[in-house]
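Worksheet: one structure, shown below.
The values are calculated or read from the model by the stated rules, or taken from the named source; none is laboratory data. Bear in mind that the values here come from a model prediction, so they are computed numbers and not experimental data. Don't worry about glycine lacking a Cβ; one is built from the backbone with ideal geometry, like all the others, and counts go over all protein chains shown. Calculation scope for accessible area: heavy atoms of the full protein, side chains included, ligands and nucleic acids excluded. Shrake-Rupley method; radii C 1.70, N 1.55, O 1.52, S 1.80 Å.
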Amino acid sequence: MARLLDVAVSAVAAAARAAARVQRGMLVTGPGKLAKADSSPVTIADFAAQAIVTASLVRATAGIPGAPPFALIAEEDAATLREGGAALVDAVVEVLRGSGVPPADGASAADWSPAAAFAALDAGRFEYEAARAALGGTPPSYFILDPVDGTKVR
C-alpha cells in the first residue's frame, strides 16, 4: 500500500503540472471545455489529470501478484470525452503526450492515443457503492479524485 500511495502522490503531481500547462494557455485555441448534462463544465485539464492518475495506478498494480485491487471514485469518463468531439479528444491527447507520463499499456508518453485516454478515464472508475458491490465489500484501497479545473461554484 505504501508503494501505491507513493505512485498516487507522484501521479497527482504530474497531473497538476499538466493542468498548469493547460491553464498557462498551451491550448488557447480550440475546444477548452464542454458542459455536462448537469450544466457543470469539464475541461481538457480535468480529463487529462484523471487519465494521468488512473494510468499511473493501473501501471503500478499490473502484474504484481497479490497487489491490492483499488477503486477510483472519480467524476470524468470516456463517454463524456467522446461527446465533446474529435477536437476535444485531440486536445486531451496532446496534453497527455506532453505530460511525460505513459499510458497504462504504453512504453512512453508519446504512446497516448484516443483509445488509451478513453481506457484510462474508465479504468478502475467506480462510484463507491458500485465498488463495494463489485469487490464484495469495502475496497481494500480506494482513491477519490475530482480534478477541480472545471468546477462550477453555484
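Values computed for the structure shown
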| item | result |
| --- | --- |
| Some residue of region 70-78 being at pLDDT 90 or above, surrounded by 16 or more Cβ atoms within 10 Å (Cβ to Cβ), over 17 Å from residue 144 (Cα atoms) and not basic (Lys, Arg) | yes |
| Breaking point among (1) surrounded by fewer than 19 Cβ atoms within 10 Å (Cβ to Cβ); (2) among the hydroxyl-bearing types (Ser, Thr, Tyr); (3) at pLDDT below 90, for residue 43 | (1) |
| Matching residues, region 79-97, being of a type outside the set (S, T, N, Q) and either touching a Lys or Arg at 6+ places or on another chain (Cβ under 6 Å) or open to solvent by less than 40 Å² (accessible area, probe 1.4 Å) (or both) | 81, 84, 85, 88, 89, 91, 92, 93, 95, 96 |
| Subset of region 105-117 (residues that are open to solvent by less than 50 Å² (accessible area, probe 1.4 Å) and hydrophobic (A, V, I, L, M, F, W, C)) | 109, 112, 116, 117 |
